[in-house]
Amino acid sequence: MTQFAISTEIIDPYTLAQAMQHPVAGACVTFEGRVRDHNDGYGVQSLSYQVFHALAVKEGQKILTEAKEKFALIDAQAVHREGDLAIGACAVWVGVLAPHRTEAFAACRYIIDAIKHRLPIWKKEFYTDGRVEWVNCQHHDHTHDHSCSLNEQELYVRQTRLPEIGAEGQARLKAARVLVVGAGGLGSAALSVLAAAGIGVIGIVEHDRLEASNLHRQMLYSAEDVGKSKVGLAAVRLHALNPFVKIELHAVRATAENVQSLFASYDLVLDCTDNFTTKYLLNDAAILFSKPVIHASLHRFEGQMLMVDPSGEGCLRCFWPEPPAAGLVGDCAEIGVLGSIPAIFGALQAHQAIQHFLGLNKAAAETLFLFDVRSLTSRHIKRHRRDDCPLCGDKPSITQVSDFALSPYEITVQSDDTRDNLLRRYQWVDVREEEERYALPLPEAEHLPFSGLEDAPFSWPLDAPLLIICARGQRSRIAAQKLRAKGYMAYSLKDGIGQLPSSSMKRAG
Amino acid sequence: MQDTPITINLRYFAVLRDQRGVADEVLSTDATTPRALYQELAATYNFTLPVDRIGVAIGDEFVALDQSLKNGDNVTFIPPVAGG
């Protein structure tokens, strides 16, 4: 019987081919797609497939049935792998039986091409240089996409009925390209609203895996998916929600190095991140690369939304020229958050994006919107571009993007700091060499010698503040910069180890 | 310093509200600018954020920290937040 399958087990081409038997079959053609060690000029180490099951199996079955009819086949079978695969492994297998070779070759070719084009399968490639990228295996050629028998416009009839939208507004949404940075609490809500509304292309920047503690507010995900990569999960879910939207995946952290190229092909960016470093990076990129960014940030039961339009009324730095030092205002992990708050603000960001494309209520983009959900009170603060803004003012001092928005990133020990509270606030990392540590031990710190910094395997969570310590504060400063470039919240202990308070008592003066 | 104390309607957001313990209050002050007012309050309530890390609005307008305060002004101190 003609059958398409998704398999988490190794595909054994030999056994599958042996099972293709029929007395009138004069030809059996089989195809094996294997994992190769390079893609686009980059070395590939291994890869992982993520499959949207229900749709993939249904569509795969449809492809086989079509081929069987089209080429008068006796039988057609195909299997696609899911999960982690090594170089050389069989990723997809196709077998067809026909009376003659011409049909058999043509049908096999037809099936593998259709599988590549039409199945909702995403491929995560692990490159030999350490990078990881999601590659959409589906080509989103909807003229051949029979996965959805719906007429796209039917999805939007309730919103096109609004006089502010109509067919013309819907066409604008379809032409829009939005980048969502962060697929957490804010991102879950924003992505769902954008996809459902029919935004043409949605890019997702997210490098994290799903944790159980995310589920109460990140409603794009399911409990069964804990441990999996969020960007792939988000793509699968959004594709299921609206197969007419093109989803582009960026399984990276936004950094000074990649932010310009991430922004390049989008019309608008949503800042759905949860840390000041990235928020300031996106703000700076908005002004420097002339791209509107809609920020939202939360604190317990309240939140803020602010749209930075490069031609509009200023930026985040007009309000807060620099972010506060780490630990002063707290984050969701430290102070807690209720799921409804990011859901409200993420939906608001998406709404603001939609208004932007429709040209509605432009004045809303010139305010800081504050909403305390607990008391249902809101405020609009009118913003103005500040002449002395370090970024968008008359004499800007910030002229390029940087990963060091958190300032000061050199930590000066204060008179009331104790060893205990510094240990509570930071993971200590000692970058001195072995012999220096022998002379002056620092047992509380993890050891990461400066000389081996480049190849060290880092295992700290990206949101845990690190205090980098050396003898005088020179090497720790460089190490902190390097760690920040890798996405860590690293701080350098100014002037080195001698500044640390002693363990038993407060440090004097 | 003002010649005579003025009355300010004050509202706090986010971490400042947490640290002050109330969302709003009416107070009498000698401070002539939001900067001076914040510093006065920071000393009393142990606000952790330095004054140059907060935003301030009078009425519904964002203003500079050194804007003059008038009797009856509605002042809002707005710290940056980062949760998401």
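Identify, please: which residue in region A:263-308 is closer than 25 Å to A:Val373 by Cα and among the charged types (D, E, K, R) and is, among those, nearest to the other protein chains (Cβ to nearest Cβ)?
Out of the qualifying residues, it is A:Asp274.
For the subset of region A:442-461 comprising residues that are aliphatic (A, V, I, L, M) and over 29 Å from A:Ile335 (Cα atoms), which member is modelled with the lowest pLDDT?
So the residue we want is A:Ala456.
Which ranges mark the strands (runs of 3 or more DSSP E) fully within region A:361-436 that have 2 or more residues being away from chain B (no Cβ under 14 Å) and buried (at least 17 other Cβ atoms within 10 Å of the Cβ)?
A:427-430
Inside region A:7-64, can you point out the residues that are part of a strand (DSSP E or B), at pLDDT 90 or above and not β-branched (Val, Ile, Thr)? Give the steps one after another, and end with the answer.
Taking region A:7-64 and keeping what is part of a strand (DSSP E or B), we get A:7, A:27-34, A:38-39, A:42-51.
When the remaining residues are screened for being at pLDDT 90 or above, the result is A:7, A:27-34.
Matches in region A:7-64: A:Ser7, A:Ala27, A:Cys28, A:Phe31, A:Glu32, A:Gly33, A:Arg34.
Among the residues of region A:462-509, write down those that are assigned to a loop (DSSP other than H, G, I, E, B), of a type in the set (Lys, Arg) and either at pLDDT 85 or above or farther than 18 Å from A:Glu446 by Cβ (or both).
Matches in region A:462-509: A:Arg472, A:Lys494, A:Lys506, A:Arg507.
Mind telling me which of the residues A:Val245, A:Val259 ends up being without any contact (Cβ under 8 Å) to a residue 60 or more places away in the chain and within 30 Å of A:Val135 (Cβ to Cβ)?
Numbers: A:Val259 fails: without any contact (Cβ under 8 Å) to a residue 60 or more places away in the chain.
Going through A:Val245, A:Val259 in turn, the sole match is A:Val245.
Restricting to region A:309-319, and then to whatever is farther than 11 Å from A:Cys389 by Cα and not polar (S, T, N, Q), can you tell me which residue is nearest to the other protein chains (Cβ to nearest Cβ)?
A:Glu313
In region A:178-203, how many are touching a strand residue (DSSP E or B) at 6+ places or on another chain (Cβ under 6 Å) and either within 14 Å of chain B (Cβ to nearest Cβ) or acidic (Asp, Glu) (or both)?
Selection size over region A:178-203: 7.
With the requirement that a residue be in a strand (DSSP E or B) and more than 12 Å from chain A (Cβ to nearest Cβ), what does region B:1-22 give you?
B:Ile6, B:Thr7, B:Ile8, B:Asn9, B:Leu10
So which of A:Ala235, A:Ala254 is within 18 Å of A:Gly487 (Cβ to Cβ), in contact with a strand residue (DSSP E or B) (Cβ under 6 Å, 6 or more places away or on another chain) and not β-branched (Val, Ile, Thr)?
Checking each option against the conditions leaves just A:Ala254.
I'm trying to understand the selection: among the residues of region A:368-395, which are among the polar types (S, T, N, Q) and touching a Lys or Arg at 6+ places or on another chain (Cβ under 6 Å)?
None - no residue of region A:368-395 is among the polar types (S, T, N, Q) and touching a Lys or Arg at 6+ places or on another chain (Cβ under 6 Å), so the list stays empty.
Quick check: anything in region A:325-333 out of contact with any helix residue (DSSP H, G or I) (no Cβ under 8 Å at 6 or more places or on another chain), more than 12 Å from chain B (Cβ to nearest Cβ) and surrounded by fewer than 23 Cβ atoms within 10 Å (Cβ to Cβ)?
No, there is no match, as no residue in region A:325-333 is out of contact with any helix residue (DSSP H, G or I) (no Cβ under 8 Å at 6 or more places or on another chain), more than 12 Å from chain B (Cβ to nearest Cβ) and surrounded by fewer than 23 Cβ atoms within 10 Å (Cβ to Cβ).
Conditions tested, residue by residue: (1) surrounded by 18 or more Cβ atoms within 10 Å (Cβ to Cβ); (2) out of contact with any Cys (no Cβ under 9 Å at 6 or more places or on another chain); (3) among the charged types (D, E, K, R).
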{"position": "A:Glu224", "(1), (2), (3)": "no, yes, yes"}
{"position": "A:Ala235", "(1), (2), (3)": "yes, yes, no"}
{"position": "A:Leu238", "(1), (2), (3)": "yes, yes, no"}
{"position": "A:Pro243", "(1), (2), (3)": "yes, no, no"}
{"position": "A:Ala254", "(1), (2), (3)": "yes, yes, no"}
{"position": "A:Val259", "(1), (2), (3)": "yes, yes, no"}
{"position": "A:Ser265", "(1), (2), (3)": "no, yes, no"}
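Condition first: outside any strand (DSSP E or B) and of a type in the set (Gly, Ala, Ser). Now tell me which residues in region A:192-224 satisfy that. Before the answer, list the steps.
Of region A:192-224, the ones outside any strand (DSSP E or B) are A:192-200, A:206-208, A:210-224.
Across region A:192-224, the qualifying residues are A:Ser192, A:Ala195, A:Ala196, A:Ala197, A:Gly198, A:Gly200, A:Ala212, A:Ser213, A:Ser222, A:Ala223.
Here is a check on your reading of the model: is A:Ile63 within 37 Å of the chain's Cα centre (by Cα), surrounded by 12 or more Cβ atoms within 10 Å (Cβ to Cβ), free of Cβ contacts under 8 Å to residues at least 60 places away in the same chain and on the phi < 0 side of the Ramachandran plot?
yes
Among the residues of region A:479-491, is there at least one that is without any contact (Cβ under 8 Å) to a residue 12 or more places away in the chain and either farther than 14 Å from A:Tyr426 by Cα or out of contact with any Asp or Glu (no Cβ under 6 Å at 6 or more places or on another chain) (or both)?
Checking region A:479-491: not a single residue is without any contact (Cβ under 8 Å) to a residue 12 or more places away in the chain and either farther than 14 Å from A:Tyr426 by Cα or out of contact with any Asp or Glu (no Cβ under 6 Å at 6 or more places or on another chain) (or both).
Please identify the pairs in which a residue from region A:90-117 that is not assigned by TED's automatic domain parsing to the domain that holds A:Glu69 has its Cβ atom under 9 Å from the Cβ atom of a residue that is outside any helix (DSSP H, G or I) and at pLDDT 95 or above, counting only partners at least 6 apart or on another chain.
none
The conditions are (1) in contact (Cβ under 8 Å) with a residue 24 or more places away in the chain; (2) surrounded by 19 or more Cβ atoms within 10 Å (Cβ to Cβ); (3) farther than 25 Å from A:Gln355 by Cα, and A:Asp271 fails exactly one of them. Which is it?
Of the numbered conditions (1) in contact (Cβ under 8 Å) with a residue 24 or more places away in the chain; (2) surrounded by 19 or more Cβ atoms within 10 Å (Cβ to Cβ); (3) farther than 25 Å from A:Gln355 by Cα, the odd one out for A:Asp271 is (3).
If you go through region B:33-84 one residue at a time, how many are surrounded by fewer than 16 Cβ atoms within 10 Å (Cβ to Cβ) and touching a Gly at 6+ places or on another chain (Cβ under 9 Å)?
2
Can you spot a residue in region B:66-73 that is of a type in the set (S, T, N, Q) and farther than 30 Å from A:Thr277 by Cα? Reasoning before the result, please.
Step one: of region B:66-73, the residues of a type in the set (S, T, N, Q) are B:67-68, B:71.
Checking the rest, the ones that are also farther than 30 Å from A:Thr277 by Cα come to B:68, B:71.
Yes, because at least one residue in region B:66-73 is of a type in the set (S, T, N, Q) and farther than 30 Å from A:Thr277 by Cα.
The values are calculated or read from the model by the stated rules, or taken from the named source; none is laboratory data. Every value quoted in this text rests on a predicted model; they were computed, and no experiment measured them. Counting neighbours? That spans all protein chains shown, and the Cβs are built from the backbone with ideal geometry, glycine included.
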